[in-house]
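Have a look at the structure below before the remarks.
The values are calculated or read from the model by the stated rules, or taken from the named source; none is laboratory data. All figures in this text were calculated on a predicted structure; none of them were measured in a lab. Backbone-built Cβ (ideal geometry, glycine too); neighbour counts: all protein chains shown. Quick note on the areas: whole protein, heavy atoms, side chains included, nothing else; ligands and nucleic acids left out. Shrake-Rupley method; radii C 1.70, N 1.55, O 1.52, S 1.80 Å.
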Amino acid sequence: MRILLATSQFAPEPGGVPRLLWQFCAYRPADIELCVLSIEQLSPEAYFEFDRNAPFPIRRAPLQRGNGATSMGYTYELAGMLRRRRPDVLFSGVAYPTAIIAAMLSRFPPIPLVIYAHSEDLSLPGKAQRALIGFALKQAVAVATP
């Protein structure tokens with residue numbers, strides 16, 4: 001089975017979500033082929049050794065200036081990885097905004113979507129943000145929570 005993990009946070013970044021997702025990846029069953037797309041939250045040097053030594057490919061989409069620019073760049077990167085990798089499952093490691101992007105892209109062609117969501121992902125203040133998260137959750141075949 002091939003899984004593409006789409007997330008905005010991933011090890012070696014600090015925090016619970018990056019560590020949890022690393023554990024998911026590091027201790028997955030041996031028959032799961034995995035690749036990761038994350039966002040470059042730190043300097044490229046902060047990732048070099050970690051990514052080079054990881055037992056699976058990790059791609060880091062760069063942060064970009066401008067309202068929504070990082071999400072647009074991430075969407076482009078994820079669409080390309082979906083085309084090239086053809087995963088059996090798309091796993092969104094963070095619900096907002098990653099799961100929304102993943103939900104849109106997983107529809108054509110259809111790819112089962114699994115979403116990991118935690119409290120700050122689901123307690124968004126804006127009505128539009130909540131509606132978009134609702135859309136993504138309805139597209140998912142499974143939702144995991146801590």
Count the net charge of all other residues whose Cβ sits under 11 Å from the Cβ of R60, scoring Lys and Arg as +1 and Asp and Glu as -1.
-3
If one computes P(r) from the Cα atoms of the chain, what percent of pairs lie at distances over 21 Å?
40 percent
Which percent of the accessible area of the chain is formed by carbon and sulfur heavy atoms (probe 1.4 angstrom)?
59 percent
Local net charge near Q41, Cβ-Cβ under 15 Å (Lys/Arg +1, Asp/Glu -1)
-1
Simple spin-label model, 7 Å along Cα-to-Cβ: Y27 to F50 in nm?
1.9 nm
Quote the charge dipole size of the chain about the Cα centre in Debye, to the nearest 20; the model charges only the Cβ of Lys and Arg (+1) and of Asp and Glu (-1).
480 debye
I'd like to compare 94-101, 16-23: which one has the highest average count of other Cβ atoms within 10 Å, and what's the full order after that?
94-101, 16-23
Local electrostatic count at P12 - Lys and Arg +1, Asp and Glu -1, tallied over other residues with Cβ under 11 Å:
-2
Using modelled amide H (1.01 Å from N, peptide plane; none on Pro or chain starts), what sits under 5 Å from the amide H of S92, excluding residues fewer than 5 places away?
A6, V114, I115, Y116
Sorted peptide list for 77-84, 138-145, criterion being average Cβ within 10 angstrom, highest first
77-84, 138-145
Estimated vicinal HN-Hα couplings, Hz - segment 136-146 in sequence order (Karplus 6.51, -1.76, 1.60; Gly, Pro = x):
4, 4, 5, 6, 6, 7, 7, 10, 9, 10, x
